[in-house]
Amino acid sequence: MPKYLLKYSYLCLLILLMMTNKAQADNGYKLWLGYSKVTGRQLTDTYRQQLRYLIFPAASVQLNAARAELLTGLNAMLDLKPAEVKDIKGGQTVVVGTPQSLKALAITVPDSIGKEGYLIKKTLINKNQCILIVGNTDVGVLYGVFNFLKLIQTHRSINELNIADRPRLMYRVLDHWDNLNRTVERGYAGSSIWNWHKLPDIIDQRYIDYARANASVGINGSVVNNVNADALILSHEYLLKIKALADVFRTYGIRIYLSVKFSSPIELGGLKTADPLDPEVKKWWADKADEIYRYIPDFGGFLVKANSEGQPGPQRYGRSHADGANMLADALGPHHGIVMWRAFVYDNKVPDDRFKQAYNEFKPLDGKFEDNVIIQVKNGPIDFQPREPFHPLFGAMPNTPLMMEFQLTQEYLGFSTHLVYEAPLFAECLQADTYRYGKGTTVSRIIKGDFNRKLITGMTGVANIGSDLNWCGHPFAQANWYAFGRLAWNPDQSPANIAADWLRMTFNNDESFLSPVKKIMLQSRENTVNYMAPLGLHHIMGQSTHYGPGPWVDNAGRPDWNATYYHRADSVGVGFDRTNKGSDALAQYAPEVEANWGNLKSCPDEYLLWFHHLSWTYKMRSGRTLWDDVVWHYYAGVESVKQMGGAWDKLRGKTDPERFAEVKQLMALQLKEATTWRDACVLYFQTFSKMPIGPGYPKPEHDLAYYKNMKFYYVPGIGGNNYMTN
C-alpha cells in the first residue's frame, strides 16, 4: 500500500477511535479539575457514606464559589448531592466555613494557619463526629475545599483527617507576557486568552476557569500583560477592561497586577520626563494609582522591567533602581499595593561577564528599598537556561525581599513540543544551599524570609498559558503550571509527589499508568539538558527565536546575545572561566560555594562548563575525555527520548485515546528535534575538538552546513520577521 494511503488509513482509524470512545475522550480543557468518576464500588460507597450531609452557610462570593466547587466535584466524582442541613448528622456531615460563618457552632481556628490557611479535620462538634473544612478567611475556606476535593480525586482515605496547611509565601503570582494585540512573547500555546477587544462587555468562561485553576493550587495573583509593557495599559479605556478581569478574579482570591512602562508619564501623561525624583512625575504616578484603586480596590500593584534590553528606567536620569522602585512604592503604599522590580538587567556597554551584572547593580542597594518593594530575581544569573546555578543574589541582600522568578513557558526547553516536567528544575534551585548564613541556608529558606521575618515574600512564574484548547499546548505542560502553584504555596514539596497528584487528577489513578508516566516526567528535564546543553553549556540556542540549536551564533548585534560569548569553544577547549583566573563571577557566591564550584575536583559535572574552560582531552569523572563525555551526553539525551516514546506506546488503552494519540505524535516530534539538536551541536563542537564522534554512535544525517542553513518560518512566541535562521 502506498505511504500516503497508510497515513490516511491511520488517520481515519484515529478519528473513528475517538468517535467511538467519545465518552472517554479528553481534550485537556478541564486541566486537573476534571473530577473523574471514582472507580471501585467499595471506595465510592465509603466516600458517599461519610459525605451525605452538608453544612455550608455562604454569604460571600468566595464562599459561594467554594460551595459550588464542592457540590460540583462531589456530584461528578461520586454522583452525590449532599443534603444541606442545619444540624450535624453523626459521622456523615461535612461542615465548611469560617469561625464567623459558623458562629452558631462555636468553631475556633488556630492563628498558626494564618489568613489563607485551612484545616481539614475529622472532629467532634456538639458531641457529633463530622468532617470540618475551615479557614480564618473566606479564601482560606476556598483553598481548603479544593484540597479536600484533591483527596477524593487522588483516592485518599478520609477516615482519619487532620490536615493543617498554609502558604509559606505571601505573593504567588503568574506573569503573563501577553501583548495588547493578543500575541504572547515566548508563548507557545496560541494567542493570549485576554480578548481585549471584547472586554469589558464580554466575560469569557475561560477567564473564570483560569481563576478556578489558579485558586485550586493557591496562586493568588496574576500580571496580565507583558513585562515589555505598553503604556496604553494604564489608559482609562484599558483600566475598565482590567476592572472586568479583576471582578472575575476576586471571586477566587486572585489579585490583578499590571506590568508598567517606566516612561508612561511621558507616553501617556504628556510630561517631558520620567525622572523618578521629579515632583510632577511623582504626582502623575500617585494620581494614576488613585485612579486604578477607584476601579479596583484590591489591585495588587506593579511589575517593572527597567533599564534592561532597551526598556526605559531610572538610570536614564542618573537615578538608581531604588529611586525608581521607591517612587512607585510611594504611589501604591497608601493602597497597600506592592512593586515587583525585576533584577533581570544587563547592559551591552558594561565590559564584564553578563553573569555578574544583576548582582553588581543590586547588591549595593540592599536595605535601600521601601518595605512594599520586592526584587524579582530569576532562578539563575543568565536567562532561564535548561540548567543554571542558583542566582548569586539569593542570600546576598539580607535586608531586601527577593521574589523567585521561574519560567513555565518553555522558551529554552523545547517550546510546547517537548515533554519537560519542570518541577525538578525548580526544586534544584530552591533546595540549593547558598551557605550565606551557614550550612542549610537554602534558596527556599531565603525567599520564605526565614532569616528576616520583616520581609514580604513571593514567587512568580512566567505563564505558559494560551488560547489552545488544552491551555498549554502540550498536555504535559499543564503539569508545570500545576507544579508552580504547589511550590509557590510550599517551596519544599517533592516534585515526585506533585507529579503523582497531577497525574491522578488529570489522567487516572491506575498504578500501571501512574508508575511509568511519573518516571517519564521525573526524567524528562534531564533528558532535555543532555540533548540541548549538557555539562554546563548554556545559551546556545537559535538567535532571536530561541528555537533549535545555534551554538555558532556570533552575529546577534551585541556580544552577550551570541552563543559564542558563552561557550567560548576554541581549539584548546570549551567553557566559560568564571573562577578568579577568568571573570571571577564565582566571587559573588559565599566562600563555601565559590570553593566548591571553583575547584575542578569538587565542581559537579552539571556546572562544569558554566565555570571552567577545559581542554577537550580533560579527564572526566566518567573516565572519558571531555569531548567524549559531551558526545555521550548528547547521544544519551536522544536515546532517552526514544525510550520515553517507547514507554508511552505501551500505555495504549490506559488513558483516553485523544490525549494518548496527541502525546504519541508530540513524542515523535520531540525525538526528531532532539536529534537535530544533537547532530548540530556535536558537528559544530567537533570543528574545534578535531576528534572523532566515536564508534557505536549513528552518524549525523546531514553536514554542519545543513543545520546552519535551516530556516524556520513563523516561529511562535516572537513577532517581526516571517522566518529566522539559526
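Classify the range 429-588 as rounded, prolate or oblate, taking a ≥ b ≥ c as the square roots of the eigenvalues of its Cα gyration tensor: rounded when a/c is under 1.5, otherwise prolate if a/b is larger than b/c and oblate if not.
Oblate is the answer for the range 429-588, as a/c is 1.5 or above yet b/c matches or exceeds a/b.
Whats the longest run of the chain with zero chymotrypsin sites (Phe, Trp or Tyr not before Pro) that are DSSP loop and have at most 14 other Cβ atoms within 10 Å?
30-436
Counting only residues 5 or more places away or on other chains, whose amide H sits under 5 Å from the amide H of I718 once H atoms are built in the peptide plane?
For I718, whose amide H was placed from the backbone, the distant partners under 5 Å are R186.
What's the extension gain from R316 to D366 if we count 0.36 nm per residue and subtract their Cα-Cα distance?
15.9 nm
In deg cm²/dmol, rounded to 500, what helix-only [θ] at 222 nm does the chain give when every DSSP H run of at least 4 residues adds -39500 (n - 2.57) and the total is split over its residues?
-11500 deg cm²/dmol
Could you derive backbone 3J(HN,Hα) for the range 29-39 from the dihedral phi with the Karplus parameters 6.51, -1.76 and 1.60 (θ = phi - 60°), listing whole Hz in sequence and x where the residue is Gly or Pro?
Ordered by residue, 3J(HN,Hα) equals 4, 6, 6, 8, 10, x, 6, 5, 4, 5, 8 Hz.
How far apart, in nanometres, would the label points at A83 and A595 be if each is projected 7 angstrom from Cα along the Cα-to-Cβ direction?
Reported label-point gap for A83 and A595 is 7.1 nm.
Considering only L63, I465, A595, whose Cα is most displaced toward the positive end of the charge dipole of the chain, charges sitting on Cβ of Lys, Arg (+1) and Asp, Glu (-1)?
My answer, from the dipole projection, is L63.
Can you run phi through the Karplus equation (6.51, -1.76, 1.60; θ = phi - 60°) for the range 156-166 and list ³J(HN,Hα) in whole Hz, with x for Gly and Pro?
After applying 6.51 cos²θ - 1.76 cosθ + 1.60, I find 7, 6, 10, 6, 10, 9, 7, 10, 10, 9, 7 Hz.
If you take the beta carbon distance between K115 and Q665 as r and set R0 to 60 Å, what does 1/(1 + (r/R0)^6) give as a FRET efficiency, to the nearest 0.05?
0.85
Are there any GluC sites (Glu not before Pro) in the range 639-726 that are in a DSSP loop and have at most 15 other Cβ atoms within 10 Å? List them by number.
Those satisfying the criteria are E701.
So which trypsin sites (Lys or Arg not before Pro) in the range 280-350 are both in a DSSP loop and have at most 12 other Cβ atoms within 10 Å of their Cβ?
Loop-located and lightly packed - K349.
Rounded if a/c is under 1.5, else prolate if a/b is larger than b/c, else oblate: which is the range 592-669, with a ≥ b ≥ c the root eigenvalues of its Cα gyration tensor?
It is prolate, given that a/c is not under 1.5 and a/b is the larger ratio.
Spin-label point model (7 Å from Cα, Cβ direction): what's the D649 to I163 distance in nm?
Roughly 3.9 nm, to one decimal.
How would the range 292-451 be classified by its alpha-carbon gyration tensor: rounded, prolate or oblate, with rounded meaning a/c under 1.5 and the a/b versus b/c comparison settling the rest?
The shape class here is rounded.
Using DSSP to call loops (not H, G, I, E or B), can you name the trypsin sites (Lys or Arg not before Pro) in the range 608-651 whose Cβ has at most 16 other Cβ atoms within 10 angstrom?
Those satisfying the criteria are R621, R624, K650.
Relative to the Cα centre, what is the charge dipole magnitude of the range 505-570, using +1 at the beta carbon of each Lys and Arg, -1 at the beta carbon of each Asp and Glu, and rounding to the nearest 20 debye?
60
What percent antiparallel are the DSSP beta bridges of the chain, to the nearest 5?
So the antiparallel bridges in the chain amount to around 30 percent.
Under a plain spin-label model, where a point goes 7 Å from the Cα along Cα-to-Cβ, how far apart in nm are Q100 and F451?
3.8
Pull up all non-local amide H partners of M403: gap of 5 or more, or a different chain, and H-to-H distance under 5 Å with H placed in the peptide plane.
I375, Q376, V377
I'd like the accessible area for S320, computed on protein heavy atoms only with a 1.4 Å probe and all protein chains in place. Round to 10 Å², please.
Surface open to solvent at S320 totals about 40 Å².
Give me the dipole magnitude in Debye, nearest 20, for the range 627-726 about the Cα centre, with unit charges on the beta carbon: positive for Lys and Arg, negative for Asp and Glu.
Result for the range 627-726 is approximately 120 debye, rounded to the nearest 20.
Suppose every Lys and Arg Cβ carries +1 and every Asp and Glu Cβ carries -1, with no other charges. What dipole size does the chain come out with about its Cα centre, to the nearest 20 debye?
The calculation lands at about 1660 debye.
Between Y714 and V572, 0.36 nm times their residue separation minus their Cα-Cα distance comes to what?
Here the segment from Y714 to V572 would lengthen by 47.3 nm.
Return the whole-Å distance between the Cα centroid of the range 276-298 and the Cα centroid of the range 30-66.
44
Using the Cβ atoms and a cut-off under 14 Å, what net charge is assigned to the surroundings of D79, where Lys and Arg are +1 and Asp and Glu are -1?
After counting each charged neighbour, the total is +4.
How much length, in nm to one decimal, is gained on full extension between D209 and S622, taken as 0.36 nm per residue of separation minus their Cα-Cα distance?
143.8 nm
G717: net charge of surrounding residues, Cβ under 11 Å, Lys/Arg +1, Asp/Glu -1, itself excluded?
In short, -1.
Longer than 24 Å from Cα to Cα, which of K282/K349; K378/K454; K241/K288 are they? Say none if no pair is.
Distance filter (> 24 Å) returns K282/K349.
Too long at a 21 Å Cα-Cα cut-off: which of K519/K664; K519/K699; K518/K654; K518/K699; K198/K243?
The pairs that break the limit, which is 21 Å between Cα atoms, are K519/K699; K518/K699.
For K581, list the aspartates and glutamates whose Cα falls under 19 Å from its own Cα; do not include residues on the same chain fewer than 8 positions away.
Within the straight-line cut-off, K581 pairs with D352, D353, D570, E592, E594.
Return the lysines within reach of K86: Cα separation strictly under 29 angstrom, same-chain partners fewer than 8 residues apart disregarded; answer none if there are no such residues.
Partners found: K37, K103, K115, K121, K122, K127, K150.
Based on DSSP H assignment, which helices of the chain show an axial Cα extent of at least 20 Å together with a mean Kyte-Doolittle hydropathy greater than or equal to -0.5?
Qualifying helices, which must be both long enough and hydrophobic enough, are 3-20, 61-78, 138-153, 236-250, 511-532, 626-649, 657-689.
The values are calculated or read from the model by the stated rules, or taken from the named source; none is laboratory data. Since we're looking at a predicted model, the values are computed, not measured. When we count neighbours, we look across all protein chains shown, and the Cβ atoms used for this are built from the backbone with ideal geometry, even at glycine. Calculation scope for accessible area: heavy atoms of the full protein, side chains included, ligands and nucleic acids excluded. Shrake-Rupley method; radii C 1.70, N 1.55, O 1.52, S 1.80 Å.
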